[in-house]
Structures are given as structure tokens and as C-alpha cells.
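Participant: This is the structure I have questions about; it appears just below.
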Amino acid sequence: MGAALVRHGGCLLLWLALLLGCWAELGSGLEFPGAEGQWTRFPKWNACCESEMSFNMKTRSSSGLVLYFDDEGFCDFLELILTQGGRLQLSFSIFCAEPATLLSDTAVNDNLWHAVVIRRHFKNTTLIIDRAEAKWVEVKSKRRDMTVFSGLFLGGLPPELRSATLKLTLSSVKDREPFKGWITDVRVNYTQASPVESQEVRLDDEQSRLCAREDVCLNGGVCSVLNDQAVCDCSQTGFRGKDCSEGKVPFSSPHRPPPHRSVEGTGRRPGLHGVSSV
């Protein structure tokens, strides 16, 4: 249910542009078939100091490269992989320090949608899954700022990088299996990111249709797709209910009268944004 993203010469530049336009309009879904040589490159994520990115993922695989970026062969990198029965493992290094690694307790290879947030804070990196599990790890580095030169790669690495290990800070990443599954709604600092280049990866619009209507989530509620259903996050609106249409949550004081029911407008944003607090 998607069109293949391919690189096959200048005559397909318009086709690629149209596909990337569809990515933004349809809610940013990518299907990774697990093919050898597959990869998607997003713009560089400047994860130097204080920043975060988020995405939704669905897979049955127990291993594979989900995400990678580095400083192109010097010291700094960040890698997210599936391993040990479908759990997410995050590793990173700054200034050639011993890599810091954490392993999630949650297995995400149940073919259900999972929301993933990676939050960078100088020497610390936090991994959040489904707003339910949050783990952080600190690298023992003499420098606290991460240097990033490469693009943000999802699902695999281009063949030219895998064959030129001097350009990879973490040489073992070239031997990782490609990711097989779906990734939607890639966001960097709450702003949706679009892929720059892709190979053997298909656009998938099936999940985004559920958040396509303006009236899915009201009053500024945020729509995301989890387990093939539209879900509204009303936590930042003061409203409640399935579509954030019910009256504002009353003040806890028993002497305060119930709030006046009002409609403050509509809002929708496809996909799951990052978690604001751990």
C-alpha cells in the first residue's frame, strides 16, 4: 500500500519530490521490508546538547537497525537497535569515551504500535517507550556536547557507507540487520521531519488516514494512531473525553463551581509528539 522510494537518475527527481510531498500530507509513514541495502536518510539531527526526537514504530522482528547517526568517523555516535527478543537498545558516545548503553524492559516486536522518544541532554540520553517506560544513561566523557555531521539514518545504511568503514564512527553498525516494519511520524523537537533520500523503502498511508479529519481531536488535542486506532491526547488541553470535546477538567477544590463548558477551537496534528516530562 505504498509507492517505492527510489533513486534512479535525474528524471525521477520530480517523482521523488511528489512522494516527499505525500509524506508530509499523509502523515509520514514508511514501510521497511527488511531488504538488504534499504535505508532512509533524514536531515541532520543536531543532538548536540538539549534536543529530542520521536516516532511511532510497529514490527514483528526481534533484531535490526532502527536509527543511527554520527560525526562521520571520529568519536561521536548514537545507535538504536532491536535486540534480545525485540527490545530496544540505545548506545552512544561523546569524545571517544566508552559507549554508554541501555536496554529497554519493553519488547516492541508484538506487531503493535509503540511510541518512542529519544531525549538528549548533554552527557545524558533518555529512551522513552509508550510514555510508560523511561530509562536514561550517562556517558563518562570529558566533553559534554555531542558532535553530529551525518544525516539521521532510519532502517539501514547506504551501501557506500557500509563499504567505507572509515566514514563510520561505530564500525560494527555496518553489520546490523536492516529493520523490518513500519515507522511513522518522525519528529525532531516536535516538528515533523521529512526524508531526504531513501532506497528500498515504501511510503505507507494506511495509518495516517485515521487522523486525516479536522474533527478527530478537538480543542487542541493531538491525534496519533496506535494499534490501528485514532487516539486523542487531551493532556495539554484541559479538556477530556475520547475526542477532547468534554468540558474542562474541574478544579480539585470541592467549593469551586464546575467550569463553564466551552469550545475553544479545533486542532489536529497527525502522529505522536515527544513526551514533555519523564
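The values are calculated or read from the model by the stated rules, or taken from the named source; none is laboratory data. These figures come from a predicted structure and were not determined experimentally. No Cβ is skipped: glycine too gets one built from the backbone with ideal geometry, and neighbour counts run over all protein chains shown.
Participant: Could you please tell me which pairs satisfy a Cβ distance under 9 Å, a separation of 6+ or placement on different chains, a first residue in segment 57-71 that is at positive phi, and a second residue that is β-branched (Val, Ile, Thr)?
Facilitator: What qualifies is 64/81; 64/83.
Participant: From (1) in contact with a Cys (Cβ under 7 Å, 6 or more places away or on another chain); (2) outside any loop (DSSP other than H, G, I, E, B); (3) at pLDDT below 85, pick out the condition that doesn't hold for residue 232.
Facilitator: Residue 232 satisfies all of (1) in contact with a Cys (Cβ under 7 Å, 6 or more places away or on another chain); (2) outside any loop (DSSP other than H, G, I, E, B); (3) at pLDDT below 85 except (3).
Participant: Kindly indicate the residue of segment 156-192 that is surrounded by 20 or more Cβ atoms within 10 Å (Cβ to Cβ) and small (Gly, Ala, Ser) and also farthest from residue 225 (Cα to Cα) among those meeting that condition.
Facilitator: 156
So that you can scan it fast, the table gives a plain yes or no per residue for (1) more than 26 Å from residue 29 (Cβ to Cβ); (2) in contact with a Gly (Cβ under 8 Å, 6 or more places away or on another chain); (3) aromatic (Phe, Trp, Tyr):
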| residue | (1), (2), (3) |
| --- | --- |
| 127 | no, no, no |
| 133 | no, no, no |
| 144 | yes, no, no |
| 150 | no, no, no |
| 162 | no, no, no |
| 168 | yes, yes, no |
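Participant: Name the one entry in 194, 172, 163, 224 that is in contact (Cβ under 8 Å) with a residue 12 or more places away in the chain and closer than 22 Å to residue 35 by Cβ.
Facilitator: 194
Participant: Hey, another quick one. Can residue 148 be described as modelled with pLDDT of 95 or more, within 20 Å of residue 103 (Cα to Cα) and surrounded by 16 or more Cβ atoms within 10 Å (Cβ to Cβ)?
Facilitator: Taking the combined requirement at face value, the residue does not satisfy it.
Participant: Any residue at all in segment 250-266 that is of a type in the set (Val, Ile, Thr), at pLDDT 70 or above and either in contact with an Asp or Glu (Cβ under 8 Å, 6 or more places away or on another chain) or outside any loop (DSSP other than H, G, I, E, B) (or both)?
Facilitator: No, segment 250-266 has no match at all.
Participant: Another question about this same structure. Acidic (Asp, Glu) and under 16 Å from residue 89 (Cα atoms): which single residue out of 110, 175, 185 fits that description?
Facilitator: Only one candidate qualifies: 175.
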